[in-house]
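Before any comments, here is the structure.
The values are calculated or read from the model by the stated rules, or taken from the named source; none is laboratory data. On a predicted model such as this, the values are computed, not experimentally measured, just so you know. Methodologically, a virtual Cβ is constructed for each residue, glycine included, from the backbone with ideal geometry; neighbour enumeration extends over all protein chains shown. The protein model used for the area step is the full one, side chains on, heavy atoms only, and it has no ligands, DNA or RNA in it. Shrake-Rupley method; radii C 1.70, N 1.55, O 1.52, S 1.80 Å.
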Amino acid sequence: MPTEPARPLVDWFSPLPPARSDIAHFSARILPALSARADVRLWTDQRDSDPALAKHAEVIVYDPRSIDLRRLNKSNLIFYNMGNDGRFHAAIREVMFKAPGILIAHELSYHHSMYWDYMVRRQDPAGYLALVEQRYGTAALRAAKQHMDKGKPHIDELARQYPFIDYLADAALAVICHTRAVEEAVTARGIGALRLPLAYQAPANPPSRSRTSSVLEFVQFGYIGPQRRLFSILSALSRFRDKHPFRLRIFGELWDENAVRAEIRNLRLDDCVSIVGFVAEPVLDGAIAKADLVFNLRYPSIGEASGSQMRIWAAAAPSIVTNTGWYGDLPDNTVVKIEQETEADDIDRVLTALAADRFAYAQTGLNGFAHLAKEHSPESYVDQLLKIEEMAEARRGVMAYRHLSLRADAMIERLFGRDRAARMKAVMNYKQKFDA
């Protein structure tokens, strides 16, 4: 009888539930499908993780400073899930630079994460500045110093100009991504990239959307920073409040809860806007399923895909998004797109349509549900994910050569000193060009 092919051994570095990270939820969502195809080891620097994960994989707690790299050498594939929150990803990045593998790039820009790592975790501002200069030159160094000294340019502006996706991609064997912007940035550097639809398991059927109250239900949720346009939403609701009764509930984490509460009071929205905070996932899913509209605006976007949008589609709820980045590429019939340049007028128009007919965008939510079920299944994601090995192998030799070259350069510097070693390398480079 023919023997069954050996199951690959997959090492998966990621934040894990209950970490307040959508990437943690992403990993948990695809784990059943991944463990059906491979032997999986989950690596985390968290003290605690959801015990249910152990049903599908071995969970290994590691310290990036003392991780046993010999265990990783036995793996067929090492995946590093990388997001832009240093609290969850700095340790993962540290390991990736010791043991190259597949980068799963959930964002286009990682500047916020790098800044947190050097300024908070490492307490090494000089190291941060040196890395900025090394990657992006003297103009970037000057901008970073000005931010540190004066707060301007804002860190978001640094993130857009100096995203560090190049820094991470250069250390990877290949890159899995979920947006066109990341794919283009990586392939421009000659590194193999595979763009996959973000994985999310759709329910068997869309939730019922019957209504018993005349009050319009609005929801915003997630990790809500200024780019999520909450102040613009509150302003629009203040203009709308006399047109139709409504309730907005805000779930998740706010970048500045005191400022948001002050704005709610200032706009006299206390009676119809509430900050709920984090809740259990079934509670959040129930609130989304009852919503007449979910706000998922983002501007500026830094090339990220939205796990929040997957959750909205799973509830067959209509959502309003900014027509930019990954959101701009979504099928027009699955979300309500507005333009940043006319944001206020566009939000007013959408709210007015709902006041006239609360089911005005119901079909949009159903279209999103169908799109999720067709394009974003975890099984399909895993099938394609595991095919990255061939692409990674093609780069492994290049990475090995680069590693040996760096070791040789370091040895020459130790023997002859930095200046003399640099002159020797310049002569060798010139000779190689002349011989060619």
| Which of (1) closer than 23 Å to Ser235 by Cα; (2) touching a residue at least 60 places away in the same chain (Cβ under 8 Å) is the odd one out, the single condition Arg311 does not satisfy? | (1)
| message | Just to be sure before I move on: is Arg71 assigned to a helix (DSSP H, G or I), surrounded by fewer than 20 Cβ atoms within 10 Å (Cβ to Cβ) and among the basic types (Lys, Arg) in the structure I sent? | response | yes
| Which one is least open to solvent (accessible area, probe 1.4 Å) among residues in the range 337-351 that are out of contact with any helix residue (DSSP H, G or I) (no Cβ under 8 Å at 6 or more places or on another chain) and either modelled with pLDDT under 95 or not basic (Lys, Arg) (or both)? | Val350
| request: Give the range 148-159 a look and list any residue that's surrounded by fewer than 17 Cβ atoms within 10 Å (Cβ to Cβ) and either in contact with a Leu (Cβ under 9 Å, 6 or more places away or on another chain) or under 30 Å from Leu385 (Cβ atoms) (or both), or say none. | output: Met148
| Given the residues His111, His56, His89, His25, which is the only one that is open to solvent by 20 Å² or more (accessible area, probe 1.4 Å) and modelled with pLDDT of 95 or more? | His56
| Any idea which of Arg239, Arg247, Arg211, Arg228 is in contact (Cβ under 8 Å) with a residue 12 or more places away in the chain, open to solvent by 10 Å² or more (accessible area, probe 1.4 Å), over 14 Å from Cys272 (Cβ atoms) and basic (Lys, Arg)? | Arg211
| query | Just one of the numbered conditions (1) farther than 15 Å from Val219 by Cα; (2) without any contact (Cβ under 8 Å) to a residue 60 or more places away in the chain; (3) open to solvent by 10 Å² or more (accessible area, probe 1.4 Å) is not true of Val279; which one? | reply | (1)
| Subset of the range 208-225 (residues that are in a strand (DSSP E or B) and charged (D, E, K, R)) | Glu217
| Scanning the range 116-141 for residues that are open to solvent by 60 Å² or more (accessible area, probe 1.4 Å) and part of a loop (DSSP other than H, G, I, E, B), which turns out nearest to Tyr167 (Cα to Cα)? | Arg122
| query | What single numbered condition from (1) modelled with pLDDT of 95 or more; (2) among the hydroxyl-bearing types (Ser, Thr, Tyr); (3) open to solvent by less than 50 Å² (accessible area, probe 1.4 Å) fails to hold for Thr324? | reply | (1)
| field | Residue that is nearest to Pro206 (Cα to Cα), among those in the range 276-300 that are over 23 Å from the mean Cα position of the chain (by Cα) and β-branched (Val, Ile, Thr) | value | Val283
| Does the range 150-192 hold any residues that are of a type in the set (Lys, Arg) and farther than 27 Å from Arg228 by Cα, and which are they? | Arg189
